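Please read through the structure below; I'll follow up with questions.
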Amino acid sequence: MNAPPVIFDHRLIRTRRERSGSAFAAHDFLHRRAMNDIIDRLETVTRTFPLAAFFGAASLTEMLTPSCGVGSLFSVDLATSRLDPANAPALVADQERSPFAPNSFDLIVSVLTLHHANDLVGALSQARAALKPDGLFIAALFGEDTLKDLRTAFYTAETEIVGGVSPRVAPFASVRDLGSALQRAGFALPVADIDRVQVRYQNPMRLIEDLRGMGETNALMDRSRSLTRTIFAQTMSHFEQQGGIAGFDIVYLTGWSPHEDQQKPLKPGAAKQSLQTAITQSRDADTKKP
């Protein structure tokens, strides 16, 4: 089997996350949004999780409520500065090189880290292996249309100035592909859904500050090193002219480590109602809304 392509520079990602640690709290609004959504999901699950691992959450684990059912937890990150040992036992580790033994956790959560995985299916498979049978996995990661307007602004500016383009904004996977990866990794009852967030920036430099504060600036292995002040200024001008809106797709992946007592999906053809009928009924219901 061929090794997956190396798209992201994990050494650079670690460096950028280290640098962002001291300022992260001032730029963590997307992480807080993702954590709030994850908490909502945990609160709806009628069970407890005696031992959990949270990747990329840092001190945001303080947001967990008693209704989440989380007992002891480990906080894991690529960067030491993004960990909070005072809040939970902390470990520096890469999700693509899991240090955990099989059947270790009842719950594994990843907060906006897996979009940088070079081998997403491999990372998901390691997470599944580290879960006990019937353990829960939840991940939030950036999806396909994240920073689409910024990417367009870069392409337009570079084309105008140098007649070509360079990779400036990372590619992100579609919700369909991410859901497929969850299935390929062997999770039971996989679910993928998306939260589309739009942030308007009156000053486009505030977007760059937020990306730096999150540790989310360009970490492509094949990144260009020739970003001139002229190209950057032209990019910011185009971004502002486009409305200064930064879009972020936050995709949520949920799956369970297989267990014999779990409910099983219906066999093909076992549904009592056709998909076409369901779609038609859904459309009819939508048209009747006031």
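Quick one: in the range 68-110, of everything that is of a type in the set (Ser, Thr, Tyr) and either crowded, with 23+ Cβ neighbours inside 10 Å or under 24 Å from Phe8 (Cα atoms) (or both), which residue is modelled with the lowest pLDDT?
Per the stated criteria, the residue is Ser98.
While we're looking at this one, here's another question. Can you pull out the residues in the range 197-236 that are more than 18 Å from the chain's Cα centre (by Cα), under 21 Å from Leu30 (Cβ atoms) and surrounded by fewer than 17 Cβ atoms within 10 Å (Cβ to Cβ)?
Answer for the range 197-236, where residues must be more than 18 Å from the chain's Cα centre (by Cα), under 21 Å from Leu30 (Cβ atoms) and surrounded by fewer than 17 Cβ atoms within 10 Å (Cβ to Cβ): Arg200, Gln202, Asn203, Met205, Arg206, Glu209.
In the list Arg33, Arg41, Arg17, which residue meets the criterion of being under 19 Å from Asp134 (Cβ atoms), in contact with a strand residue (DSSP E or B) (Cβ under 8 Å, 6 or more places away or on another chain) and assigned to a helix (DSSP H, G or I)?
When all the criteria are applied, what remains is Arg41.
Follow-up question, since we're still on this one. If we scan the range 5-20, do we find a residue that is under 23 Å from Pro89 (Cα atoms) and among the acidic types (Asp, Glu)?
Checked the range 5-20: at least one residue is under 23 Å from Pro89 (Cα atoms) and among the acidic types (Asp, Glu).
What are the pairs, 6+ residues apart or on separate chains, where a residue within the range 229-247 that is touching a residue at least 12 places away in the same chain (Cβ under 8 Å) has its Cβ under 6 Å from a residue that is among the aromatic types (Phe, Trp, Tyr)?
Partner pairs satisfying both residue conditions: Thr235/Phe154; Gly244/Tyr201.
Which condition does Ser75 not pass, out of (1) among the small types (Gly, Ala, Ser); (2) in contact (Cβ under 8 Å) with a residue 24 or more places away in the chain; (3) closer than 27 Å to Glu209 by Cα; (4) touching a strand residue (DSSP E or B) at 6+ places or on another chain (Cβ under 6 Å), if it passes all the others?
Checking Ser75 against (1) among the small types (Gly, Ala, Ser); (2) in contact (Cβ under 8 Å) with a residue 24 or more places away in the chain; (3) closer than 27 Å to Glu209 by Cα; (4) touching a strand residue (DSSP E or B) at 6+ places or on another chain (Cβ under 6 Å), the one that fails is (2).
State whether the residues of the range 111-121 include one that is part of a strand (DSSP E or B), without any contact (Cβ under 8 Å) to a residue 24 or more places away in the chain and out of contact with any Pro (no Cβ under 9 Å at 6 or more places or on another chain).
No, because not a single residue in the range 111-121 is part of a strand (DSSP E or B), without any contact (Cβ under 8 Å) to a residue 24 or more places away in the chain and out of contact with any Pro (no Cβ under 9 Å at 6 or more places or on another chain).
For Thr113, which of the numbered conditions (1) at pLDDT 95 or above; (2) out of contact with any helix residue (DSSP H, G or I) (no Cβ under 7 Å at 6 or more places or on another chain) fails to hold?
(2) is the only condition that Thr113 fails.
Just checking, does the range 143-154 include any residue being surrounded by fewer than 22 Cβ atoms within 10 Å (Cβ to Cβ), of a type in the set (Phe, Trp, Tyr) and at pLDDT below 95?
no
Tell me which residues, restricted to the range 175-224, are closer than 17 Å to Lys148 by Cβ and assigned to a loop (DSSP other than H, G, I, E, B).
The answer is Tyr201, Glu216, Thr217, Asn218.
Collect the residues in the range 114-135 that are under 22 Å from Arg176 (Cβ atoms), crowded, with 24+ Cβ neighbours inside 10 Å and not small (Gly, Ala, Ser), keeping them in residue-number order.
Leu114, His116, Leu120, Leu124
The values are calculated or read from the model by the stated rules, or taken from the named source; none is laboratory data. In this text the structure is predicted, and so the values were computed from the model without any measurement. Because the Cβ atoms are built from the backbone with ideal geometry, glycine has one as well, and the counts that use them run over all protein chains shown.
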